[in-house]
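Heads up: the structure comes next, in structure tokens.
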Amino acid sequence: MIDRGHEDALVRYGGPEIFNTDQGSQFTSGPFTRLLLENKIAISMDGKAAWRDNVFVERLWRSVKYEEVYLHAYVSVAEARAGLGRYMNFYNGRRPHSSLGTRTPDQTYSTQVPLLATA
């Protein structure tokens, strides 16, 4: 059975070119895959037991949930968007990451390459 929200989201926002998921039963069901195919959305699924495919995104969402979402009772979508926006700015710009040697993602990935002088 398809959640009506999936169809509503496609009508409201349009569909992506590709939809990537794990092989959970909710994503492999006939009605769900049919909905994607009817809307010309390519289906991409991670391999069985391929937990490593999503490990970085899963870790990000764990941080978002425990450090932001579960600490706030948003009263509107606008408030949730604002809170999540602030958190993502914090996460990327001020929050040290042990996996990056206590640097932030911005410090690690946004370093500017020096410009070469032209003759």
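A few points about this structure:
- Matching residues in the range 17-74 - criterion: being modelled with pLDDT under 80, surrounded by 12 or more Cβ atoms within 10 Å (Cβ to Cβ) and part of a loop (DSSP other than H, G, I, E, B): D22, Q23, D46, A50
- Some residue of the range 75-86 being among the β-branched types (V, I, T), at pLDDT 90 or above, under 19 Å from the mean Cα position of the chain (by Cα) and surrounded by 11 or more Cβ atoms within 10 Å (Cβ to Cβ): no
The values are calculated or read from the model by the stated rules, or taken from the named source; none is laboratory data. Because the structure is a prediction, the values reported are computed rather than measured. Neighbour counts are summed over all protein chains in view; Cβ atoms, including those assigned to glycine, are modelled from backbone coordinates with ideal geometry.
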